Every structure is written in C-alpha cells, then in structure tokens.
Amino acid sequence: MPYEVQGVVARGKGEAVTLETVVVPDPGPGEAVVNVQACGVCHTDLHYREGGINDDFPFLLGHEAAGVVEAVGEGVTEVEPGDYVILNWRAVCGQCRACLRGRPWYCFNTHNAAQKMTLADGTALSPALGIGAFLEKTLVAAGQCTKVNPAAKPAVAGLLGCGVMAGLGAAINTGGVTRGDTVAVIGCGGVGNAAIAGAHLAGARTIIAVDVDER
C-alpha cells in the first residue's frame, strides 16, 4: 500500500519551495522505504532549486539524512525494518573493477531506486541526489542505506551522508593526505571542517584552516 506523506518540493527554477503531498510506493526489488528522522540543509539543495544541477523539475529536496528502515523489497538482505541508517547518494554495484579493487567511491555502476515518488496527481518527482529526504518517508535503493550506531542522534548522524563524507573523502581519498603532511583547508563550513578532521585522522602534521569568517 503506497504511503502518502508530506515533503518539500521545488516546482520550478527559482520558485519558492512548497510543502506537498507525496506518494511513496511500496519498495520494489532492491529498494527500501525509510522513515526520515532528520535531514540537514545543504547548499546543494539550493543548487537544485536554482536549476544549477539539471532541469528535471519538480525536485524533491533533501539528501543529508538519517532515519529508520520502514520496509524493504524483494531480495534485500543488507538492511531490514527497524535498522537505524544514514542515506548515501548512490548504491554501489559491488561488481565493477573499482568495487572489486576495494575502491567503491569510483564505482562505474552506481544506482538509485528504480521506482518514482510522485505528487498526488501522478507527477513524477526527481529526488535530490537520488534521496529526497525533506520528506516523512522516502524511497531509496537498499544499498543507499548504511547502518550506524543507534546511539547517534539523527541530526548528527545525518551529516555523515553528505558533509562529513565529502570532507573526509576529499582529504583521505582524493587529496591522499598521509602522515606528516602539511595541509591547508580553504573554506571551513561543514565540508571544510570534515576535511580538517579527515586530514587529522590521516596523520597530517600541520593543518591550516582558511576562511573569511574569523570564527
């Protein structure tokens, strides 16, 4: 039985966002429905509303989220109802050469849920980064769900799905920071602070934070 929930939708470029009734289908094979407990506000959501990502309006905004799995579709084994999860942008295939080399961040065949969430009139929605979490419940590929410690507060855990992942990944995976390096991080918002943390975890000797805001 599909779910009818409330979500934040961007109907057109530059238009004010609206609170809409959204129809979330039952999860199909390889999919999961997640009860969203918290979702961060990321600048990427503004890019979607401003048409800076693509023109596939209307967009269902929100992607930096944590919640509890409500239901799973056929063949899902990695998560089950009741699991506390964060949501990541893409489910990796696990079979391409990047995945088999232990580098899933370079996966050649990432994917999202196959089904579409819609407005009440049947209009298909484009979920931001394949998640669309400014919503009471959202439909994702089960591989987009990563189980985390239930003791972590949702408003904190959700940040792992975007800002923390981006910043840590920039330092450790892309930048290749290693022990003894000196690192400068330019821009110290959510992603920048995570890059600082990533550089520290990687063993950087000196980390210089650069920002126009004195705080």
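The values are calculated or read from the model by the stated rules, or taken from the named source; none is laboratory data. All of these numbers come straight from a predicted model, not from anything done at the bench. Ideal geometry is used to build each Cβ from the backbone, glycine not excepted, and the neighbour counts take in all protein chains shown. Note: accessible area is taken over every heavy atom of the protein model, side chains too, but ligands, DNA and RNA are not part of it. Shrake-Rupley method; radii C 1.70, N 1.55, O 1.52, S 1.80 Å.
Picking from G130, G143, which residue would you name as being open to solvent by less than 50 Å² (accessible area, probe 1.4 Å) and on the phi > 0 side of the Ramachandran plot?
G130
Name the residues in the range 53-83 that are modelled with pLDDT of 95 or more, assigned to a loop (DSSP other than H, G, I, E, B) and touching a helix residue (DSSP H, G or I) at 6+ places or on another chain (Cβ under 8 Å), would you?
L61, G62, H63, G73, V76, V79 - these are the residues of the range 53-83 that are modelled with pLDDT of 95 or more, assigned to a loop (DSSP other than H, G, I, E, B) and touching a helix residue (DSSP H, G or I) at 6+ places or on another chain (Cβ under 8 Å).
Filter the range 147-188 for residues that are surrounded by 13 or more Cβ atoms within 10 Å (Cβ to Cβ), among the small types (G, A, S) and more than 18 Å from W89 (Cα to Cα) and give the result.
A152, A171, G175, G187
Enumerate the pairs (first residue in the range 155-181 and under 14 Å from L129 (Cβ atoms); second residue anywhere and open to solvent by less than 50 Å² (accessible area, probe 1.4 Å) and among the hydroxyl-bearing types (S, T, Y)) with beta-carbon separation below 9 Å, excluding pairs fewer than 6 apart on the same chain, so at least 6 apart or on different chains.
From residues that are under 14 Å from L129 (Cβ atoms), the pairs are C162/T44.
Got a number for residues in the range 14-52 being part of a loop (DSSP other than H, G, I, E, B) and either loosely packed, with under 13 Cβ neighbours inside 10 Å or free of Cβ contacts under 8 Å to residues at least 60 places away in the same chain (or both)?
10
Quick one: would you say A98 is open to solvent by less than 30 Å² (accessible area, probe 1.4 Å) and not in a strand (DSSP E or B)? Reasoning before the result, please.
Working: open to solvent by less than 30 Å² (accessible area, probe 1.4 Å): yes; not in a strand (DSSP E or B): yes.
In short, yes.
Filter the range 107-124 down to the residues that are farther than 18 Å from C145 by Cα and either of a type in the set (K, R) or not in a loop (DSSP other than H, G, I, E, B) (or both) and list them by number.
T118, L119, A124
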